[in-house]
Amino acid sequence: MPINVVWFKRDLRIRDHAPLFEAAKEKDPLILLYLVEPERLAQPDTDPTHIEWELDCATELDKNLETIGGSLHIVYSNVIDCLSKINDEYRINKIFSHQETGTSWSYERDRRVKEWCNEEGVPWKEFPSNGVIRGLMNRDHWKGLRDKRMLKSPIPPPDSIESIPALEVKPTIDSMGLTPRKLTQRPIPGENAALETLDSFLNSRGESYRWRMSSPAEASHHCSRLSPYFSTGCLSIRSALWKTNQRKAALGESNIGKKSKSSWVKSLSSFQSRLAWHCHFIQKLEQEPTLDSIAMNVDLDSRMHREFDENIFHAWATGNTGWPFFDACMRQLISTGWINFRMRAMIMSVSSYTLWLPWRDSGLHLARLFLDYEPGIHWSQVGMQSGTTGINSIRAYSIHKQGLDHDPNGDFIKSWVPSLKNVPTEFIHQPWKMPLVTQNESGCVIGRDYPSPMLDESKSRREGVARAYSARRNEKSRETSKKVYEKHGSRKNRRRRKPIRTDDTLQTKLF
Ligand SMILES: Cc1cc2nc3c(=O)[nH]c(=O)nc-3n(C[C@H](O)[C@H](O)[C@H](O)COP(=O)(O)OP(=O)(O)OC[C@H]3O[C@@H](n4cnc5c(N)ncnc54)[C@H](O)[C@@H]3O)c2cc1C
């Protein structure tokens, strides 16, 4: 019996889903397929926590599909094995899916699927994902193409579909032998929860987003918190933009006060910019799928000679550096799977400049910690924050400054580092400066209850910055930076943009 396959990947939704919509128009019944691929489980950036989250989102997708007559086959198998089996049992007429932008692993897998399709004579209809444009060699036309796609209305879910019922037995975390981290404050999985989260952001939480996104204590509530839904595709970027535009239009008509209206409009504009960044960063991996293993500016990277030190890495990775604000951020991330942008940037910059650790080890660790791990955003940001693109200014964050700016009284620190909870406010950012008597009184003896700072933060950071500049002062690195810019640099403000400078006169931004 001929059937069509809809292969769900990181697009676990029924709304704005072109492959599902188009497949539903065909006369053949559908097999709706979601795979947990053993090959993927073996990748160093995959964490069981990601798989648990995706499975839960897939289960929610199954429920939504049921409302329109569908049934999701959740299968533990590599894709070609699974397609071959389906093709033997039925006959696959066509495969429908979204294009996926991933690291070398999924890129190679998709090439093999294409070969299999050619050999078996099965057409594979791939549809673009969000604002990523396949086949571009540089950024000259990307923005126009992306904006044009985003202006189209989201595609509605199909009214009904005819699908082959799925088997009762589905893989579980236990049956696959996985042990995910138990996250606190884990979001509710699935498309419906994603829409509710967007709704609460657009109608209540988001008013002061622009001003509160940088403080880790406030960002948890005032940021959209949509990233785990975008990374599993429970929500499309276009749907989010569409609803944001509707909300902006409604604000224009509403009679809320002038101040509140202005805050809302500014915050929603900032949010829209970030939705554009989402696509902008993933486009980089689309054009260069090796970003998880080879730096954009490979000459610059090799001249840095960063060194892996097991003890230093461990202290950084577990939030035991002895720098309270840093440790609080890392511990929030480990516990919840989420931290805001500025703190992610600080965490990566501390690894790269202050501790001089290689970016790939730190990048992999963070990839596994983030519930919202999105390879395109992640590896592009890791490259930027570790100074290995050569086209971005060096951003070396001071933990002390960030702590004073965003947690002056240390409340955030105390909520994530319990051993510091009775430390007086004047010492909370530098507890090692407490006199011994105060250490005893506060029940926090440095070196016993909380680690001594691993290094002189300010000195090490400055040394790291100096080494990074020294690596940039090289003709070959500069030449490569120019090529990186041509291929990946944002063209948005080209007319206003100063010529790209790849020399050591670039200013270090003090964060
Ligand atoms: C080293 C590093 C690694 C990162 N890794 C990831 C990752 O794996 N997955 C991920 O989704 N984000 C990543 N980010 C970007 C950013 O920190 C998160 O998108 C954001 O914190 C998610 O929270 P939110 O959804 O509440 O964001 P909001 O501020 O509400 O933003 C809405 C959406 O816009 C997009 N967005 C926001 N900031 C950025 C940005 N700087 N670059 C690209 N897109 C952005 C995201 O899709 C986000 O969900 C990383 C940042 C850094 C510095």
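Just so you know, all these numbers are worked out from the coordinates, no wet-lab data involved. Values in this document were obtained by computation on a predicted structure and should not be read as measured data. Reconstructed Cβ throughout: ideal geometry from the backbone, glycine too, with neighbour counts over all protein chains shown.
Count neighbours as other Cβ atoms within 10 Å of each site's Cβ, and list the trypsin sites (Lys or Arg not before Pro) in the stretch 68-166 that are DSSP loop with at most 12 such neighbours. Kindly include the intermediate steps, with their values, before the conclusion.
On the way: sites: 85, 91, 94, 109, 111, 112, 114, 125, 134, 139, 143, 146, 148, 149, 152; in loops: 134, 139, 152.
Loop-located and lightly packed - 134, 152.
Expected output is a single nm value to one decimal: the length gained when fully extending between residue 68 and residue 249, i.e. 0.36 nm times separation in residues minus the C-alpha distance. What is it? Show your work: numbers first, answer last.
Working: separation 181, 0.36 × 181 = 65.16 nm, distance 3.15 nm.
Full-extension gain reported as 62.0 nm.
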Could you state the angle between the C-alpha long axis of helix 191-200 and the longest principal axis of the C-alpha atoms of the chain, as a value from 0 to 90 degrees rounded to the nearest 10?
50
Once the Cα atoms of helix 237-253 and of the chain are each reduced to a long axis, what angle between those two axes, in degrees from 0 to 90 to the nearest 10, is obtained?
70
For 233-246, 319-332, 20-33, 261-274, ranked highest to lowest by mean beta-carbon neighbours within 10 Å, the order is 319-332, 233-246, 20-33, 261-274
Distance in nm between pseudo-label sites at residue 469 and residue 120 (7 Å out along the Cβ direction from Cα)
5.8
Per DSSP H run of n ≥ 4, the term is -39500 (n - 2.57); total these for the chain, divide by its residue number, and report the mean residue ellipticity at 222 nm rounded to 500 deg cm²/dmol.
-15000 deg cm²/dmol
Sorted by chain and number, the residues with a modelled amide H under 5 Å from that of residue 6, at a separation of 5 or more or across chains, are 31, 32, 33, 96
Short version: ³J(HN,Hα) in whole Hz for each residue of the stretch 170-186, in order, from phi by Karplus 6.51 cos²θ - 1.76 cosθ + 1.60 (θ = phi - 60°), x for Gly and Pro, what are they?
10, x, 10, 4, 5, 5, 8, x, 9, 10, x, 5, 7, 7, 8, 6, 5
Antiparallel DSSP beta bridges within the chain, as percent of all bridges there, nearest 5
0
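Cα gyration tensor of the stretch 2-127, axes a ≥ b ≥ c as square roots of the eigenvalues: rounded (a/c below 1.5), prolate (a/b > b/c) or oblate? Walk me through the numbers before you get to the answer.
On the way: a/c = 1.66, a/b = 1.11, b/c = 1.49.
It is oblate, given that a/c is not under 1.5 and a/b is not larger than b/c.
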So, in nm, how far is label residue 273 from label residue 168 when the simple model puts each one 7 Å beyond its Cα toward the Cβ?
5.5
Can you give the charge dipole size of the stretch 2-127 about its Cα centre, rounded to the nearest 20 debye, using +1 on the beta carbon of Lys and Arg and -1 on the beta carbon of Asp and Glu?
420
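Taking the Cα centre as origin and putting +1 on Lys and Arg beta-carbons and -1 on Asp and Glu beta-carbons, what dipole magnitude results for the chain, to the nearest 20 debye?
Working: 74 positive and 63 negative charges, 612 e Å.
In total the dipole reaches around 2940 debye.
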Between the stretch 107-178 and the stretch 45-106, the alpha-carbon center distance in angstrom:
10
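In debye to the nearest 20, how big a dipole does the stretch 267-351 give about its Cα centre with +1 on each Lys and Arg Cβ and -1 on each Asp and Glu Cβ?
On the way: 7 positive and 9 negative charges, 91 e Å.
Roughly 440 debye for the stretch 267-351.
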Go through the stretch 125-141 residue by residue and turn each phi into a ³J(HN,Hα) via Karplus (6.51, -1.76, 1.60, θ = phi - 60°); whole Hz please, and just put x for glycine and proline.
8, 9, 10, x, 9, 6, x, 8, 10, 7, x, 7, 9, 8, 9, 4, 10
Sorted by chain and then number, the residues having a modelled amide H within less than 5 Å of the amide H of residue 450, at least 5 places away or on another chain, are 445
Taking square-rooted eigenvalues a ≥ b ≥ c of the alpha carbon gyration tensor, is the chain rounded, prolate or oblate, where a/c under 1.5 means rounded and, failing that, a/b exceeding b/c means prolate?
prolate
Find how much the distance from residue 141 to residue 27 grows on full extension, using 0.36 nm per residue of separation minus their present alpha carbon separation; answer in nm with one decimal.
37.3 nm
Enumerate the lysines that residue 85 could reach by cross-link, defined here as Cα to Cα under 24 Å, with residues fewer than 8 away along the same chain left out.
9, 27, 94, 114, 125, 170
Need the list of aspartates and glutamates near residue 261 for cross-linking: C-alpha distance under 18 angstrom, and skip anything on the same chain fewer than eight residues off.
199, 207, 253
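For every other residue with a beta carbon closer than 10 angstrom to the beta carbon of residue 173, add +1 if it is Lys or Arg and -1 if Asp or Glu, then tell me the sum. Don't skip to the answer; put the middle values down first.
On the way: positive: none; negative: 52, 56, 174.
Combined, the nearby Lys, Arg, Asp and Glu give -3.
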Give a residue-ordered list of calculated ³J(HN,Hα) values for the stretch 473-479 (Karplus: 6.51 cos²θ - 1.76 cosθ + 1.60, θ = phi - 60°; whole Hz; x for Gly, Pro).
7, 7, 4, 5, 4, 5, 4
